[in-house]
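Participant: I am attaching a structure below and will ask some questions about it afterwards.
Derivation of every value follows stated rules applied to the coordinates shown; laboratory data play no part. Computed from a predicted structure; not experimentally measured. Heads up, the Cβs are rebuilt from the backbone with ideal geometry, glycines too, and the neighbour counts pull from every protein chain shown.
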Amino acid sequence: MLNKAPKLKNTVKRKMKSNINMRPASEAMIELLTLLFVNSLAEEAKAKAFEEKSATIRAQHLKAVSKKMLKKARG
């Protein structure tokens, strides 16, 4: 196991208000949601690269897919 807290936990703790206590279950839920988002982003980027007949996933694929996914998430 890791001895240090991941950067995500530190970022969330630094940005949250001081009067809010965050339980370990909430921290775990945030990490899981982030991992799910990154996983789906990677899958979509892979599909985009395959559509363009590219052997590698490039920055342009990630940029296009992330833009589309964030628009979809906003509603």
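Participant: Could you check the spin-label model distance between Q60 and A73? Points 7 Å from the Cα along Cα→Cβ, value in nm.
Facilitator: Rounded to a tenth, the inter-label distance reads 2.5 nm.
Participant: How much length would be gained if the chain were fully extended between M22 and K7, taking 0.36 nm per residue of separation minus their Cα-Cα distance, in nm to one decimal?
Facilitator: Stretched fully, the M22-K7 segment lengthens by 3.8 nm.
Participant: What FRET efficiency, computed as 1/(1 + (r/R0)^6) with R0 = 30 Å and r the Cβ-Cβ distance, is obtained for S40 and R14, rounded to the nearest 0.05?
Facilitator: 0.70
Participant: Here's another thing I want to ask about it. Quote the FRET efficiency, to the nearest 0.05, computed for E31 versus K53 with a Förster distance R0 of 25 Å and r equal to the Cβ-Cβ distance.
Facilitator: After rounding to 0.05, the efficiency reads 0.10.
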